[in-house]
Amino acid sequence: MISSSPRRRFTVARQAVGQSALLWGFLAASMVYLLVFIGLPVVYNLVMSFQDVTLGNISELWRPLIGLDNYREALGDSTFRKVAINSIVFVGVNVIAQVGFGLAAALYFAQRFPLAAFLRGLVLASWILPALVVGALWKWIFATEYGVANYVLLAIGLIDRPIYWLSDPAFALSSVTIANIWFGTPFAMILIAAGLTSIAEEQYEAASLDGAGPIARFRYVTLPALWPTLLAVSCLVTIYTMRAFDLIFAMTQGGPLDSSNVLPLFSYQLSFLRFHFGLGAAVGSTTFVIVLAVALVYVRTLRIEAEA
Amino acid sequence: MLRRSFLAGSAAVGLSAASASAQARTVSLWHVFNLETDMIYGGMKAFNESQSAYRIEPRLVPGTQVVTELVRAIATGAVPDLVTIDSPVVASFSAQGTLTDLTDLVAKSTYIKPAVYFKGPWASGQWRGRTYGIPRDANTLALYYNADLFRAKGLEPDKPPQTWSELKAAATKLRDASKNVYGFGFCATEAEEGVFQWLPFLWQAGGSIDKLDQPEAIAALQFVTDMVRNDIASKDVINQSQYEVINTFMAGNIAIAQGGPWELPRMGSNAKFDWRLARMTVKDDKQIHADCLGGYDFLIPKGAKQVEGAFRFIEFMSNPEVLNNGWKSGRLAPRSDVVVQNPLWPQAYAIYRSEVPVARPRGPHPQWPDISRPIQVAIQQALTGAKTPAEALKEAAAKVQPILAKTPLPSAD
């Protein structure tokens, strides 16, 4: 937009003023957006979490303040503790697995075999599907009697009795975790693949000349160069997984006995199935604080990545 | 959309104020009925054609989201004029003053006479002597059974089980692991429908919701627990919605399945075997016929702009002639003066019709979701073996009884 031709050089000063006004405009627009569409809901939710909110007073803004009662009740509830632990396990395993498998897949498709790029794009297909569809799909796969998972495991003799993937409290969380890993890995892979392409070919050539084998090249060239990307991807996956809702809703609704329930789903159930809006808001705010912390780490790693 | 009408005067019977305006006023309706054969579609069309003062503008909201949407609408003040809500949830809204009191309108109504309604459905719209919801339809449970499988196992297909012990015996005989057939199927999810499907057992055993830790309730939970523990019913019942239970039945993998009349339309086209219906069984030593009541109520949220028009549509939909069409999609009328002549699925109609008078409502209670939740947990604890039925119900009773001590359930249950 801004011309740099010599004939227009006299306008540079004016442009600088215009440009800085434009930049302030950009700042203002993004601030307004953040305040209206993110700040307000967060503050509204936070306010609700300190109030006694019922169906009767939900349309009003001034509701009885009850301080930390909602938080106290949530933290004292054994279901909340169970669900919080589920969330941590669910997110932790997802991040490690999605980044791990994503890295492996990215490296695999970085090899120059025919149709590599095309197939890499195809893998992304699963990520494009709506979560509710993926949930329904995995509910079929994990069906005890007719599901593919049990059929295959029984056929190859790994198990001798069908596993109740979704109706055994000991398995339900693992089952939704597996489904979510499948769902999220392509996204991690694509981001990591993008990071891989930014590593200069010369580095590998130089390493090869120094006598580095494939493992040494991965260890001393790929991994250090990719490190900021991996951190950033981990943060993104954490944020995405922390919000997981539809997939679990479709597969188990959080059951049996909340064994596969996670914080966002629990918050929804408290607010909209049981009408404990304040309690639901408290659980939601707690989740938000966790996501915010991870988001801050993400922003920091982006800076490190930019500096690298 | 506003439509200019030149026929307003002729159609506005008994509504002189409305007829003065020649504009059809829009009445927004949120409903959950996605089957084209549902009576709401014919009803809307006929209503819009029968008069020109009001025009129904429908919005189909998925059943799982309608409560969420209504809460959102109440919070922001942008409520629809009319909405259909699952009956046990109605009291949560009516007790909090979020609905329009319809008592006076009902008193003046020609069609809506409380006396002709079955007690259970009518109760669902009541709170402290005032009327906030008008039942649209009613449903309850019965036993779908696969007569072909009965024959294959030497059971008499014309004599379905009538008692708990007969049900258990038949289901045991029908269980065929080699063919992946379970004898009995029901829904025990951690959701309202899981409670809907277990309460009949509680009531048949002579138990009640305010006495969950008593032997009657324990016997009821023990009965279904034994079905699962003895492998007569699949362990998957705790993660199978009612819809999925019936899918499994239609695939021939459940011999006897507990289900509602709304399943009939797809049963007719999908089940490729001789399927029939039987009444719910009774407990041998109690002989109490009891069933659980479901259905939808029409509500007018407080703040609705077209209360008059919305109520006129409720009246229109409560006309026995309109209610007669409900059965086409497996919806029973909530009132005793509607008898469908030559019904579709005549045998099923007779069975469900005989269950409605013994069906009991859930609540009405403003904290019904808080009562339902401990029951869901108890059922799941027992079925997974995490706790014995007695332990699980003791825990549930400890959560339910304080709620009922403050606000008791109307009548015995």
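The values are calculated or read from the model by the stated rules, or taken from the named source; none is laboratory data. On a predicted model such as this, the values are computed, not experimentally measured, just so you know. Here the Cβ is made from the backbone with ideal geometry for all residues, glycine too, and neighbour counts use every protein chain on show.
Mind checking which residues of the range A:106-130 are modelled with pLDDT of 90 or more and in contact with a Leu (Cβ under 6 Å, 6 or more places away or on another chain)?
A:Ala106
Please work out if A:Asn86 is at pLDDT 90 or above, more than 13 Å from every other protein chain (Cβ to nearest Cβ) and at negative phi.
Taking the combined requirement at face value, the residue satisfies it.
Identify all residues within the range B:64-85 that are facing chain A (nearest Cβ under 9 Å), in contact (Cβ under 8 Å) with a residue 60 or more places away in the chain and hydrophobic (A, V, I, L, M, F, W, C); write none if there are none.
Within the range B:64-85, B:Ile74 is the sole residue that qualifies.
Which residue is nearest to the chain's Cα centre (by Cα), if the candidates are limited to the range B:86-99 and must be surrounded by 24 or more Cβ atoms within 10 Å (Cβ to Cβ) and more than 11 Å from every other protein chain (Cβ to nearest Cβ)?
So the residue we want is B:Ser87.
Would you confirm whether or not the range A:202-217 contains a residue that is without any contact (Cβ under 8 Å) to a residue 12 or more places away in the chain and surrounded by 15 or more Cβ atoms within 10 Å (Cβ to Cβ)?
Here is the first cut: in the range A:202-217, the residues without any contact (Cβ under 8 Å) to a residue 12 or more places away in the chain are A:202, A:205-206, A:208-216.
Filter once more, so that each one left must be surrounded by 15 or more Cβ atoms within 10 Å (Cβ to Cβ): A:212.
Yes, the range A:202-217 contains at least one residue that is without any contact (Cβ under 8 Å) to a residue 12 or more places away in the chain and surrounded by 15 or more Cβ atoms within 10 Å (Cβ to Cβ).
Residues that are under 19 Å from the mean Cα position of the chain (by Cα), surrounded by 15 or more Cβ atoms within 10 Å (Cβ to Cβ) and assigned to a strand (DSSP E or B): does the range B:160-171 have at least one?
no
Identify all residues within the range B:228-271 that are assigned to a helix (DSSP H, G or I) and away from every other protein chain (no Cβ under 14 Å); write none if there are none.
Listed by number, the residues that qualify are B:Ile246, B:Pro261, B:Trp262, B:Glu263, B:Leu264, B:Pro265, B:Arg266, B:Met267, B:Gly268, B:Ser269, B:Asn270.
In this structure, does A:Ala170 turn out to be in contact with a Gly (Cβ under 6 Å, 6 or more places away or on another chain), in contact (Cβ under 8 Å) with a residue 24 or more places away in the chain and surrounded by fewer than 24 Cβ atoms within 10 Å (Cβ to Cβ)?
no
Residue by residue through the range A:158-182, note down the ones that are more than 24 Å from A:Gln98 (Cα to Cα) and either of a type in the set (Lys, Arg) or at pLDDT 95 or above (or both).
Of everything in the range A:158-182, just one residue is more than 24 Å from A:Gln98 (Cα to Cα) and either of a type in the set (Lys, Arg) or at pLDDT 95 or above (or both), namely A:Arg161.
Kindly state which helices (runs of 4 or more DSSP H) lie completely within the range B:318-413 and contain at least 3 residues that are crowded, with 21+ Cβ neighbours inside 10 Å. Walk me through it before giving the result.
Working: elements: B:320-323, B:346-355, B:368-384, B:389-406.
Result: B:346-355, B:368-384, B:389-406.
Give the residue that is surrounded by the fewest Cβ atoms within 10 Å (Cβ to Cβ), with candidates limited to residues of the range A:125-155 that are part of a helix (DSSP H, G or I) and of a type in the set (S, T, N, Q).
A:Ser126
If the Cβ limit is 7 Å and pairs must be 6+ apart or interchain, which residue in the range A:264-275 that is facing chain B (nearest Cβ under 8 Å) pairs with which residue that is of a type in the set (S, T, N, Q) and buried (at least 20 other Cβ atoms within 10 Å of the Cβ)?
A:Phe275/B:Ser92
Give me the residue from the range A:136-159 that is within 14 Å of chain B (Cβ to nearest Cβ) and more than 25 Å from A:Asp258 (Cβ to Cβ) and, out of that set, farthest from the chain's Cα centre (by Cα).
A:Leu154
Tell me, which helices (runs of 4 or more DSSP H) wholly within the range A:210-266 include 1 or more residues that are closer than 26 Å to A:Thr287 by Cβ and at pLDDT below 90?
A:223-242
Using the structure shown, decide if B:Ala78 is on the phi < 0 side of the Ramachandran plot, at pLDDT below 95 and over 33 Å from the mean Cα position of the chain (by Cα).
For B:Ala78, the condition - on the phi < 0 side of the Ramachandran plot, at pLDDT below 95 and over 33 Å from the mean Cα position of the chain (by Cα) - is not met.
B:Asp285 versus (1) more than 14 Å from chain A (Cβ to nearest Cβ); (2) buried (at least 19 other Cβ atoms within 10 Å of the Cβ): which is the lone unmet condition?
Looking at each condition in turn, B:Asp285 falls short on (2).
Enumerate the pairs (first residue in the range A:121-136 and in contact (Cβ under 8 Å) with a residue 60 or more places away in the chain and aromatic (Phe, Trp, Tyr); second residue anywhere and in a helix (DSSP H, G or I) and surrounded by 13 or more Cβ atoms within 10 Å (Cβ to Cβ)) with beta-carbon separation below 6 Å, excluding pairs fewer than 6 apart on the same chain, so at least 6 apart or on different chains.
Correct list of pairs: A:Trp127/A:Pro186; A:Trp127/A:Phe187.
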